[in-house]
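As structure tokens, the structure follows; a few thoughts come after it.
What follows is calculated from the coordinates using simple rules that are stated; it is not laboratory data. Computed from a prediction, not measured in an experiment: that's the story for all the values here. Note: ideal-geometry Cβ built from the backbone for every residue, glycine included; neighbour counts use all protein chains shown.
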Amino acid sequence: MNPMTEYSADLKQVCGCSWAAKGADAEEVTKKVVSHAKQAHGLNEVPAAVAQKLQEAMRPVM
Ligand SMILES: [Zn+2]
């Protein structure tokens, strides 16, 4: 495992917003997107379709 690897998800592919959620691991990225969905989109929970798009958008970055 490379400790320098982090994960990024381009939200353009997830909810249409123009920023990328980044975190040390997939769980951290997911938490940021869940919090963004609540604050920016008024969603108390992330719909399954959005969660699916998040999985597809998530990439490891060096
Ligand atoms: Zn958004």
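Taking the longest Cα principal axis of the chain as reference, the axis of helix 26-41 is set at about 30 degrees.
Scaled to the globular estimate 2.2 N^0.38 Å, the Cα spread of the chain, given as radius of gyration, is 1.06. Helix-only arithmetic for the chain: the sum of -39500 (n - 2.57) across DSSP H runs with n ≥ 4, divided by the residue total, places the mean residue ellipticity at 222 nm at -13500 deg cm²/dmol. If R0 equals 25 Å, the separation of the Cβ atoms of residue 17 and residue 62 corresponds to a calculated FRET efficiency of about 0.55.
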